[in-house]
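The values are calculated or read from the model by the stated rules, or taken from the named source; none is laboratory data. Not measured: the values here are computed from a predicted model. Here the Cβ is made from the backbone with ideal geometry for all residues, glycine too, and neighbour counts use every protein chain on show. For the accessible areas, the whole protein counts, side chains as well, though only heavy atoms, and no ligand, DNA or RNA atoms are used. Shrake-Rupley method; radii C 1.70, N 1.55, O 1.52, S 1.80 Å.
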Amino acid sequence: MVSRVSALVGLLLTMSNALRVFGGDADGPKSRHDLEFTNAVTTWDEALPLGNGVLGGLVWGDGHPLRISLDRTDLWDLTPVPEFHSPDYGHATMLRWHESGRHKDLVRLYEAPYERPAPTKIPAGRIELELPPDAVFRDTSLSLADATARVRFADGLQVHVFVHAEMPLGILRVEGARGRGIRPRLVAPPFGGKVTQAAHGGIGAGDLAQLGYPAPDVAAGDHWQSFAQTGARGFRFAAYLEWRETGGEWWAAWSVASSLEGNDPPERARRRVRAALDAGLAELHRSHREWWNGYWDKSSVRLPNALVERQWFLDQYKFGAAARRGAPPITLQGPWTADNGQLPPWKGDYHHDLNTQLSYWPCYSGNHLEEGLGYLDWLWNTRSNCVAWTRRFFGLPGLNVPMTADLDNGQIGGWRQYTHSATTAAWLAQHFYWHWKYSADRGFLRDRAWPYLREASVFVEAITAAKDAAGRRTLALSSSPEINDNRPDAWFRHPTNYDVALMRWLLGATAEIADELGLGDEATRWRRVMQEMPELALAADGRLLVAPGEPLRESHRHFSHLMAIHPLGIVDSAQGAEARRTIRASLAELDRLGTGFWCGYSFAWLASLAARDGDGAKAEHALEIFAGAFTLRNGFHCNGDQSGRGYSKFRYRPFTLEGNFAAAAGVQEMLLQSHRGRIEVFPAIPASWRDVAFRTLRAQGAFLVSAERRDGIVRRVYIVAEKGGPCRLLSPWSGRPLAFDMKPGESRSLAGDPQP
């Protein structure tokens, strides 16, 4: 025990020493990274975002009223989809109908249910604060450092809002409020009443009123308001707001509670708020700041590109606000469900065809493993539901996961070729693998990563039992998100590179883990299955095809055919000339086809693809376009091109978070890579980035790395071994491999190649 404490103390000391790599300018977000607007926000999706993984808040309006849109991440309508329990629901029937041309029946059974309003994520209402008539809006800002929104008025009135970093509480404070007649109003979502816009699937899910819930139970007193709402299948939630006026300041606290926490949500919310008010504003803000200080201490960057640097801080802030262990994982909109009287875009669900995966890309090298565990815990805790679905739909053993899912990871439908893909669990499994590689946590490896990957491999082995004429395993139905949309030809005649890459990666990773755990027979089994898989399909110039004989024929938003390059890394430039030829030909094809049908997340993903090729200029350009054309003024990724510069023909603006987090990961991929079994600092930065630095990014093997480049020369690399073990570094000075053993908590500072 004493040795563990000593190692921890040493680790903390060496991490604090890493701060000196930067000097004082890069210890966290600065005012230049904050959101600051001199004109009032008039729409919910441009609001100042606050959150803690459970509760979310969006601050907007000019004070007449000032609005705080409320959200809680476990608020869901979990109405079952009856079609998915019908006799016709099954993989064998799906295949038979497809082969016989019964495409209308496939749409009816698999896609039409998604047109209905539920299942869906639902919002929690809003607070409207009516300020005095003479309160004239001046400006509004969001400080990333302390996650606090501020709204100022010309007469000195100021409003401060934060969602507590660790407790399901929101805090609202008004300075200069004495005798000003502050009037709050707690407003329930419009779940009932007349429907003016019905759901039509996809983006436009229609009015909340389609859900047809009963009117909320509303209550109020002199200094409090509440409502309790009954939803589908007995689900209930409640919001409670209470305020006080002391010392010339008006301040309030609110909470939202759900029946998933236990009985009596109204009372649960009331108790939380009362306890907060009794604790006092100073204590609440102190503990809130303490959490955010710790979050920002985990990692930081300093880039010469101000636009890209600011977007990285905005996106890391959003990750800290949206991801927590113990909270539901990040949905399409995270804790910021739409507040416009309508259901959220795409019903705010879990899309496992890239959205959830990309949302957690930055937590690994960004050194936020704890927040990332919220995702892995949920995947682990819902795996029994997924195993049951795998048996019910596929009739096979092992684990697969629905590609569009509700809070319980249950299938909710949509385009049939992807919602019922055979390889979704394989992509999700990569996050278990990554957590092990970046944490070096052998307990997690044994108890979580191994069983999850093995169960997914059991399913892949079973679904590919049939073999083609060449003796290779095959898939009866294979697709590549979202090539050919939901047309019949979105199922290809041969396994796609998307499916092949995922299956080959999964089986190889499962064998690797088996070796690590000393399970030789298991390792042999999964390598044998992998060797029976088809190879990746390549064109004559080496580029990756969509499927054998099927090139990418037009600009497309989803780089599913390039999974082998990134994130899977089974085609990597370190493998030699042929691999480099494949990567460069594949990226050249993206250039040739253009970006006309890309979304914002496409540019964010391209940054990582380019970084894996060592092309820092391409990565930087992609991130500049992302930040400059595909984000709203609060930094939310909005899918369509908002710039008017013609980067994409998509001009719409539904916001989804995966683009934000993929962009943050792209920056980190430019600064640090470790997937090749060695640490590489500044592997993909533009030549123009002469002054660049990062602090305590995380490398595989649980090494925390800081580095600084000044005047075009790497001045220092600082490495802390969290778990200890062999450390391999590609020298940024000579290019030769360096290797040294490190003890837990030990640090090394290098200013050049060590002398032999």
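Points worth noting:
- Members of the range 134-159 that are open to solvent by 20 Å² or more (accessible area, probe 1.4 Å) and outside any strand (DSSP E or B): Asp134, Val136, Ala145, Ala154, Asp155, Gly156
- Helices (runs of 4 or more DSSP H) fully within the range 258-371 counting 1 or more residues that are over 16 Å from the mean Cα position of the chain (by Cα): 265-279, 281-297, 306-322
- Among the residues examined, Ala238 does not qualify as in contact (Cβ under 8 Å) with a residue 12 or more places away in the chain and surrounded by fewer than 21 Cβ atoms within 10 Å (Cβ to Cβ).
- Lone qualifier among Arg612, Arg557, Arg543 - being basic (Lys, Arg) and in contact with a strand residue (DSSP E or B) (Cβ under 9 Å, 6 or more places away or on another chain): Arg612
- Residue pairs meeting the criteria (Cβ under 6 Å; at least 6 apart or on separate chains; first more than 16 Å from Ile583 (Cβ to Cβ) and of a type in the set (A, V, I, L, M), in the range 540-567; second in a loop (DSSP other than H, G, I, E, B) and open to solvent by 40 Å² or more (accessible area, probe 1.4 Å)): Ala547/His494
- Only residues that are modelled with pLDDT under 95 and either buried (at least 24 other Cβ atoms within 10 Å of the Cβ) or in a strand (DSSP E or B) (or both) were counted across the range 49-73, and they come to 0.
- Scanning the range 505-520 for residues being out of contact with any helix residue (DSSP H, G or I) (no Cβ under 6 Å at 6 or more places or on another chain) and closer than 24 Å to Thr474 by Cα gives a total of 2.
- Residues of the range 268-283 satisfying the condition of being without any contact (Cβ under 8 Å) to a residue 12 or more places away in the chain and not small (Gly, Ala, Ser): Arg271, Asp278, Glu283
- Count of the range 708-756 residues which are among the small types (Gly, Ala, Ser), farther than 22 Å from Ser300 by Cβ, part of a strand (DSSP E or B) and touching a Lys or Arg at 6+ places or on another chain (Cβ under 7 Å): 1
- Among the residues making up the range 172-219, those that are open to solvent by 70 Å² or more (accessible area, probe 1.4 Å), in a strand (DSSP E or B) and at pLDDT 95 or above are Arg185, Asp217, Val218.
- Inside the range 190-228, residues that are at positive phi and of a type in the set (Phe, Trp, Tyr) make up a count of 0.
- Options Ala664, Ala622, Ala629, Ala684; residue that is in contact (Cβ under 8 Å) with a residue 24 or more places away in the chain, hydrophobic (A, V, I, L, M, F, W, C) and out of contact with any helix residue (DSSP H, G or I) (no Cβ under 7 Å at 6 or more places or on another chain): Ala629
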